[in-house]
Every structure is written in C-alpha cells, then in structure tokens.
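Q: Quick one: structure below, then a few questions.
The values are calculated or read from the model by the stated rules, or taken from the named source; none is laboratory data. Keep in mind the model is a prediction, meaning the values are calculated, not measured. Neighbour counts are summed over all protein chains in view; Cβ atoms, including those assigned to glycine, are modelled from backbone coordinates with ideal geometry. Ligands, DNA and RNA are excluded from the accessible area calculation, which covers all protein heavy atoms including side chains. Shrake-Rupley method; radii C 1.70, N 1.55, O 1.52, S 1.80 Å.
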Amino acid sequence: MKQKHLMTGNEAVARGAYEAGLNFASAYPGTPSTEILENLVLYKDSLYCEWAPNEKVALEATIGASIAGVRSLATMKHVGVNVAADPLFTFAYTGVGGGCILVSADDPGMHSSQNEQDNRNYATAARLLMLEPSNSQEAKDFTKIGFELSEKFDTPVLLRMTTRICHSKSAVTFEDRVEKTAKPYEKNIKKYVATPANGKVMRRNLVGRLAAMEEYSNNTELNVEEMNGSEVGVISSGVAYQYAREVFGDDASYLKLGMTFPMPMEKIKAFAAKVKKLYIVEEMDPYMERQIREAGIECIGKAVIPEYDELNTDIVRKGVFGTEAPTLKSDLDAVVRPPAMCAGCPHRGFFYALSKKKNVMITGDIGCYTLGSAAPLNAMDTCICMGGSISTGHGASKAFGITGADTKVVSVIGDSTFFHSGVNSLMDVAYNKGNNVTVILDNRITGMTGHQQNPGTGYTLMGDATGEVDIPLLCQAIGIKKENIYIVNPLKLDEVDHALDEALGKDEACVIITKWPCILKKFSQQDKNDFDLKPKKCVIDQDKCRKCKLCAKTGCPAIYVGETITINADSCTGCGVCVQVCPFDAISEVK
C-alpha cells in the first residue's frame with residue numbers, strides 16, 4: 001500500500017503538476033493561491049518556475065511555454081484572472097501546444113480579497129474546460145488529468161479552486177513523476193497569430209471542440225452518481241459537495257460534478273429523472289442552477305442556499321432543513337483582535353505623519369499597508385484594485401482641479417504592487433501632467449502574501465541572484481522630474497514630514513519612496529549592509545508619562561493602554577516611532 005501524505009489543496013496541485021511532467025510555471029502571489037508556486041519550487045531540479053510582475057505576464061509566459069511545446073501552469077487568485085483575461089480569451093481560440101492549466105483560486109467570503117467574484121463564469125465566457133476538485137487528492141489528480149484533457153481537446157484548462165480547498169488538508173497518495181516529451185515547435189501562423197481572418201476560423205473550430213468536450217463531460221467518471229434512493233437528489237461540486245454530503249448523509253442521492261464546463265447536461269437530466277426533489281448546493285453564483293433551469297429541470301438552489309459568503313454545513317443545514325446543530329454557549333466574549341500593522345512595521349511612521357495632513361485625499365492600494373485605513377490612523381480613503389491608487393488619485397486630482405476644491409491627493413502603493421500595475425498608472429500621471437503625490441512603500445519584499453521575491457528584491461523564486469529594479473530611475477524614465485523624487489526612511493517622522501510638505505506644495509507630479517525592510521523579513525546581507533537593523537527595545541519612564549495616549553495613536557500593537565501605558569517587550573522591535581511622538585520624552589530606546 002502506498003503511503004499517504006497530509007497535504008493542503010495547494011500542495012497537492014503542486015505535487016500533481018510535478019507528477020504530470022510539468023516543465024514551466026509562472027504566477028503572481030495572491031491568497032489563496034500563493035503556496036502552489038512556493039511548493040512547486042521544491043521540485044526545481046525537475047522543472048522551472050518563477051514569480052511574474054503580474055498575472056497577465058504570468059499567463060502570457062505560460063502560453064509561450066505551451067506554444068513552445070511543454071506542459072505549463074499559471075496560478076493566481078480570482079481577481080488576478082481579471083488582469084489575465086485579455087490573453088486568456090484569445091488562448092481559448094488558438095488552443096495549446098503542450099498541455100496548459102490556469103489555476104483560479106476563488107475566495108468565497110472575501111477572507112483576503114476585495115470581492116468574491118465567482119470565476120466559474122470565466123469558463124463559460126471564455127469557453128474553457130473547467131475542473132473543480134473537492135479535496136486534496138482530487139486537487140492532485142485533477143491537475144494531472146487537466147494536462148491530459150488540455151492536450152486531448154487542444155484547450156487551456158481552468159482548474160477552479162476555493163479558499164477551503166486550497167488551505168484545508170486531507171490525505172494524498174503520491175505517484176512517480178512521468179516525464180513528458182516536449183512537442184517539437186512548428187511555425188503555425190493560422191493557429192497562433194490571432195488576426196481577424198485567422199480568429200474567425202479559430203472561433204468556428206472552437207464550437208467543434210466544445211461539442212467534443214461536452215460529450216466527454218457526459219461520459220467521464222469525473223462526474224459521478226451516488227444513488228441512495230429516489231426521494232432527494234443533490235447536485236454539487238467542489239467543497240460544497242463535502243458540506244452537502246455531511247448535511248444530507250445517506251438520505252440523498254448525489255451527482256458530484258468534477259468537470260463543470262461544459263456541463264454534463266444529459267447526465268444531469270438522467271439523474272434528475274431518478275429523484276423526486278432536486279437540490280443544487282453551490283457556493284456564490286447560481287452557476288449550475290441557472291444552466292439546469294435553462295434545460296427545463298425543476299430544482300431548488302438559491303431559494304435556500306445563500307449566493308454570497310462562504311458556505312459551511314451549518315448554513316446548508318439551516319437553509320435546507322431549517323435546523324441548527326447543537327452548540328455550547330459561553331458567557332465569555334472572545335477578545336476582539338482586528339488586523340493591524342505589525343509592531344515595527346515600516347509603514348506605521350509614514351501613515352502616522354500622513355494622518356496629520358489636512359485637506360488631503362488618500363487613495364490606497366492592495367497590500368498589508370491597506371491597514372493604514374484602520375483606526376487610529378484612518379489614513380486611507382479608497383482601495384479598489386491592484387495598481388489603482390495612482391490612477392484613481394490622478395482622476396481625483398484632476399476632478400478637484402475642475403471643481404476648484406482645495407484638496408490635494410496622495411496615492412499610496414507598495415513596491416510589489418507598483419511593479420504589478422502601478423508603473424502604467426504613474427506613467428499616466430506624468431504624461432497627462434497630473435499633480436497627485438505618489439508614495440511608493442518599498443519594504444524590500446512582497447509582504448502581504450508571505451514574503452515572496454519580486455523584481456525589486458534582487459532574487460528570483462528559484463533562489464538565484466538577479467538584477468534589482470531601481471525605482472527612482474524607473475520613475476525618472478517615465479517622466480517624473482529628478483527633483484520631484486524623494487527617498488526617505490519611513491521610521492524618521494521628520495524626514496517623512498519634510499518630504500510630504502514639499503511634495504504637497506508643488507503643482508506637479510511628485511514621488512516619495514519610503515525605504516525600509518519589512519520587520520518580519522528574513523534579512524539579506526544587503527539589507528544588513530543598507531539598514532541599521534540592530535535589535536532595540538522601547539521603554540516608558542512611568543515617572544515622565546502623562547497618559548496623553550499619543551503613542552497609542554500610532555496604532556502599534558506593542559503599546560498597551562490600561563491604568564498605565566506600557567510597551568510589551570516581547571512585541572516591541574525598537575522602531576522608535578513612539579519615541580518621536582511622545583511630547584514628554586517619556587519613551588526611550590534601549591539596546
């Protein structure tokens with residue numbers, strides 16, 4: 001008997017890709033997908049993988065590898081597919097060379113995302129064969145099957161995961177890697193050059209491929225029946241199947257769908273004819289229910305199952321049966337622990353200084369620095385999408401100019417997000433003579449998703465040393481004047497204040513670059529050479545403290561406010577922001 005391994009869905013996808021003979025993988029980190037590439041790199045002796053600046057670039061590189069004849073994989077979170085949608089739709093027309101999979105990791109309940117879009121809809125819109133695993137074993141198996149189906153039907157495959165499948169663990173059986181011989185590259189203009197003339201032919205060919213895929217969907221064991229009687233039937237997929245199976249138990253029959261585009265409508269009709277009442281249990285959109293109803297099949301779905309937020313067994317049980325599982329009640333309330341920037345976070349000093357400025361709109365971006373919007377700093381007014389802070393700020397500043405409002409705009413973006421899609425936005429500001437102040441928070445790593453390398457860190461995912469993007473020179477190259485670029489230590493409030501005041505006083509595009517490594521980062525030798533990272537602690541002299549609580553207004557989680565104000569020595573990193581804020585010299589640094 002083969003040994004089983006306890007793995008998350010993300011780990012299992014990586015294992016499945018390795019076993020399938022994957023050669024190339026690219027991704028931009030984004031929860032809940034990040035760990036797929038982080039686990040793939042463990043097999044770097046057998047394959048190549050990389051972090052890309054954004055999801056569009058990642059998918060384009062993956063497409064290139066596929067056309068060159070090897071099996072390739074791109075991974076991203078659900079909103080990343082929006083960024084990659086342009087090449088994705090056309091790639092569905094052209095078809096593949098080597099098998100190609102796009103993993104979309106959806107986030108029902110928005111645990112770490114700005115929306116909870118249901119990316120099953122991308123399969124329908126782009127006409128992509130779609131697979132949905134319901135546990136880690138299937139995550140591994142479906143990855144391997146996905147490459148086979150990609151090559152069989154000449155199509156990219158969408159492997160649709162969700163947070164619960166990505167991060168939950170279950171048993172997985174390993175198999176050996178099977179090397180896949182690369183297809184020899186052959187020039188094929190009619191297949192891969194998507195001009196209108198070629199595209200019209202590709203579109204007609206796609207209809208035939210879809211018909212073949214649908215026939216496969218109706219006959220494959222990926223879509224499996226489990227008959228337990230004729231009273232109640234349940235159609236489900238992904239993790240929602242696990243919830244349904246636990247709630248209904250053996251009192252219902254099941255059609256579990258592993259391939260959900262094209263939908264196996266003939267198999268669904270046959271299953272529906274065997275049961276008196278049919279439930280559709282699915283998270284988020286009525287993706288399956290809508291198509292089943294359009295086929296004339298009576299069913300119960302979103303009438304009892306919510307179309308928003310993450311499902312669980314309690315929600316399914318209450319929706320279907322109107323009952324709740326017994327629970328134990330406690331008179332104690334859990335301590336509220338809202339997310340906060342870490343003690344020693346280099347962004348804290350900057351946001352504290354920015355929060356003191358008047359008549360300023362602050363457009364924000366996606367990253368751990370979005371926590372600057374939270375109390376007590378309240379130093380962010382918008383957060384829409386990756387790279388959106390600069391272009392949103394540009395539009396707002398132009399609007400204020402039109403209306404005559406006495407409001408300046410500061411646009412805040414992280415270094416990795418700037419490389420992702422902020423560069424184009426800053427180019428727009430420079431080109432169209434905007435005057436919003438762009439602040440690039442360079443903490444030397446991609447922080448929020450768990451410290452991945454990026455084009456500004458000097459290292460690749462494979463661990464190789466590489467060139468660093470010079471942010472000040474890049475800003476100059478796209479049109480920002482050298483005298484309007486400021487580089488500051490964000491933990492020195494006087495430096496930040498001076499740069500903000502100068503930049504806000506100008507009527508042209510300015511850039512402030514705050515440069516200090518994330519306090520949780522594994523410091524490189526270059527970090528140690530460039531920054532004073534010697535460990536320090538801050539302490540409060542209780543004889544001098546007047547309990548004004550200004551230090552607490554920095555939002556540092558190491559500062560405790562009670563009968564006295566204290567600093568937790570275990571949490572404090574000695575960043576010194578509180579020392580500069582205290583008006584009574586009651587706080588000092590000690591080594």
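Q: What strands (runs of 3 or more DSSP E) lie completely within region 474-591 and have 1 or more residues being over 30 Å from Val423 (Cβ atoms)?
A: In region 474-591, 537-540, 559-561, 565-567, 587-590 are the strands (runs of 3 or more DSSP E) which contain 1 or more residues that are over 30 Å from Val423 (Cβ atoms).
Q: Given the structure, is Asn435 in a loop (DSSP other than H, G, I, E, B), under 22 Å from Met361 (Cα atoms) and not β-branched (Val, Ile, Thr)?
A: Considered against the rule, which asks whether it is in a loop (DSSP other than H, G, I, E, B), under 22 Å from Met361 (Cα atoms) and not β-branched (Val, Ile, Thr), Asn435 comes out as yes.
Q: Residues that are touching a helix residue (DSSP H, G or I) at 6+ places or on another chain (Cβ under 6 Å), open to solvent by less than 20 Å² (accessible area, probe 1.4 Å) and not in a loop (DSSP other than H, G, I, E, B): does region 376-386 have at least one?
A: No: zero hits.
Q: Out of Phe174, Phe142, I need the residue that is more than 21 Å from the chain's Cα centre (by Cα), in contact (Cβ under 8 Å) with a residue 12 or more places away in the chain and closer than 30 Å to Asp309 by Cβ. Which one?
A: Result of the check over Phe174, Phe142: Phe142.
Q: Out of curiosity, is Glu289 at pLDDT 95 or above, assigned to a loop (DSSP other than H, G, I, E, B) and crowded, with 16+ Cβ neighbours inside 10 Å?
A: It is false that Glu289 is at pLDDT 95 or above, assigned to a loop (DSSP other than H, G, I, E, B) and crowded, with 16+ Cβ neighbours inside 10 Å.
Q: Report whether or not Thr313 is of a type in the set (S, T, N, Q), without any contact (Cβ under 8 Å) to a residue 24 or more places away in the chain and open to solvent by 20 Å² or more (accessible area, probe 1.4 Å).
A: When the stated conditions are applied, Thr313 does not pass them.
Q: With the condition kept exactly as written, say whether any residue in region 338-346 is surrounded by fewer than 20 Cβ atoms within 10 Å (Cβ to Cβ), modelled with pLDDT under 95, in a loop (DSSP other than H, G, I, E, B) and aliphatic (A, V, I, L, M).
A: The answer is yes; a qualifying residue exists.
Q: Inside region 533-591, can you point out the residues that are open to solvent by 80 Å² or more (accessible area, probe 1.4 Å) and under 35 Å from the mean Cα position of the chain (by Cα)?
A: Lys534, Pro535, Lys553, Tyr560, Asp570
Q: I would also like to ask the following. Do the conditions hold for Asn228, that is, is it outside any helix (DSSP H, G or I) and over 33 Å from the mean Cα position of the chain (by Cα)?
A: yes
Q: Of all the residues that make up region 307-333, how many are part of a loop (DSSP other than H, G, I, E, B) and closer than 12 Å to Ala240 by Cα?
A: Going through region 307-333 one residue at a time, the tally reaches 3.
Q: Something else now. Of all residues in region 458-485, which are touching a residue at least 24 places away in the same chain (Cβ under 8 Å), touching a Ser or Thr at 6+ places or on another chain (Cβ under 8 Å) and among the polar types (S, T, N, Q)?
A: If the condition is that a residue be touching a residue at least 24 places away in the same chain (Cβ under 8 Å), touching a Ser or Thr at 6+ places or on another chain (Cβ under 8 Å) and among the polar types (S, T, N, Q), then Thr460 is the only one that fits.
Q: Could you check region 359-375 and list, in sequence order, the residues that are part of a helix (DSSP H, G or I) and either touching a Phe, Trp or Tyr at 6+ places or on another chain (Cβ under 8 Å) or not small (Gly, Ala, Ser) (or both)?
A: Listed by number, the residues that qualify are Cys368, Tyr369, Thr370, Leu371, Gly372.
Q: Quick one: is Glu246 out of contact with any Phe, Trp or Tyr (no Cβ under 7 Å at 6 or more places or on another chain), outside the structural domain of Leu88 (by TED's automatic domain parsing) and under 18 Å from Ser136 (Cα atoms)?
A: When the stated conditions are applied, Glu246 passes them.
Q: Which condition from (1) assigned to a loop (DSSP other than H, G, I, E, B); (2) open to solvent by 60 Å² or more (accessible area, probe 1.4 Å); (3) at pLDDT 95 or above; (4) closer than 16 Å to Glu246 by Cα is the one that Glu298 breaks?
A: (4)
Q: Restricting to region 421-441, name every residue that is touching a Pro at 6+ places or on another chain (Cβ under 9 Å) and open to solvent by 10 Å² or more (accessible area, probe 1.4 Å).
A: Hits for region 421-441 are Ser421, Val423.
Q: Residue under question is Tyr185, and the condition is that it be within 31 Å of the chain's Cα centre (by Cα) and modelled with pLDDT of 95 or more; does it hold?
A: no
Q: So, one more: Where residues in region 93-112 are hydroxyl-bearing (Ser, Thr, Tyr) and either at pLDDT 95 or above or touching a Leu at 6+ places or on another chain (Cβ under 8 Å) (or both), which of them is surrounded by the most Cβ atoms within 10 Å (Cβ to Cβ)?
A: Selected residue: Ser104.
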